[in-house]
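What follows is one structure encoded as structure tokens, with my remarks underneath.
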Amino acid sequence: KVLSNIPIVAKMMLVVALMGVLSLGITAYNSFETAKLDSSYSHLTDKLFPALVKLARANRNVSALMYAGYRAVAYDGGSAEGKHAGEDREKASKSAHKLFAEARTLAPEKASHIKAFEERFSALDAVVTEATRLGLADDNAAAAAIMQRADKQATALTTDMAAFNDAVIAETDRLSAENSAGASKAMWIEWGGGIARSEEHTSELQSRFGI
């Protein structure tokens with residue numbers, strides 16, 4: 001009875017106001033979801049994925065470091081190959097530290113793990129440096145013994161770094177799935193809101209014009 005006493009214009013205005021509130025609510029929710037999705041995808045594509053690439057490249061420098069050490073043992077200390085082995089070890093070391101630093105900057109939430117890997121790399125580098133020094137001095141037996149120890153360190157480090165990368169990739173897959181679910185939810189809410197607004201409008205027209 002209360003509604004029947006309200007003029008039709010007021011009813012229409014009320015319906016329009018309710019539809020406006022509904023639209024504002026849906027728009028606000030979708031804006032929030034969109035901002036959240038944009039932030040999440042930006043972090044994945046601009047930060048986390050590039051950090052993983054840096055770590056993969058740092059991992060390859062472990063192999064380059066070891067190769068340089070073995071070359072220092074294999075070649076005469078005064079040969080060009082021996083000299084290049086020492087230079088290549090230094091290049092691999094500098095490159096790896098640069099990559100570790102860049103990875104930490106890109107993914108600060110993973111910085112403690114990356115720092116731990118870098119510290120293990122530094123320890124390995126110190127061992128290979130000593131082996132290289134002995135190899136260039138043609139003390140190949142001592143150098144080879146040290147490289148055997150370094151080989152175990154390098155194997156453990158590369159294995160752990162690869163496992164870390166795999167774990168982070170699995171994490172990004174989960175986040176990507178959550179983002180997709182959020183986008184789908186927002187779409188369904190928008191679609192449902194559109195139907196509700198359409199039905200409200202149709203109902204009002206039927207009441208107004210008796211159709």
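The values are calculated or read from the model by the stated rules, or taken from the named source; none is laboratory data. Nothing here was measured: the structure is a model prediction, and the numbers come from that model. Here Cβ is always computed from backbone atoms with ideal geometry, including for glycine, and neighbour counts include all displayed protein chains. Just so you know, the surface numbers come from the protein's heavy atoms only, side chains and all, with ligands and any DNA or RNA stripped out. Shrake-Rupley method; radii C 1.70, N 1.55, O 1.52, S 1.80 Å.
Using a probe of 1.4 Å, the accessible surface attributed to Val53 totals some 80 Å² when neighbouring protein chains are kept in position. With a simple spin-label model that places each label point 7 Å from the Cα along the Cα-to-Cβ direction, the separation between Lys98 and Asp76 comes to 3.3 nm.
Fully extended, how many nm does the chain gain between Ala126 and Ala56 (0.36 nm per residue separation, minus their Cα-Cα distance)? Taking 0.36 nm per residue and subtracting the Cα distance, the gain is 23.1 nm. Considered as an equivalent ellipsoid built on the Cα gyration tensor, the stretch 55-95 has semi-axes of 21, 9, 5 Å, the largest given first. Spherically averaged projected area of the convex hull of Cα atoms, the stretch 85-129: 2.8 nm².
Taken about its Cα centre, the stretch 55-115 carries a charge dipole of about 260 debye when Lys and Arg each add +1 at the Cβ and Asp and Glu each add -1 at the Cβ. Summing +1 for each Lys or Arg and -1 for each Asp or Glu among the other residues whose beta-carbon sits under 13 angstrom from that of Leu124 gives -2.
Geometric descriptor of the stretch 64-164, per residue, is 72 Å³ (volume of the convex hull of the Cα atoms).
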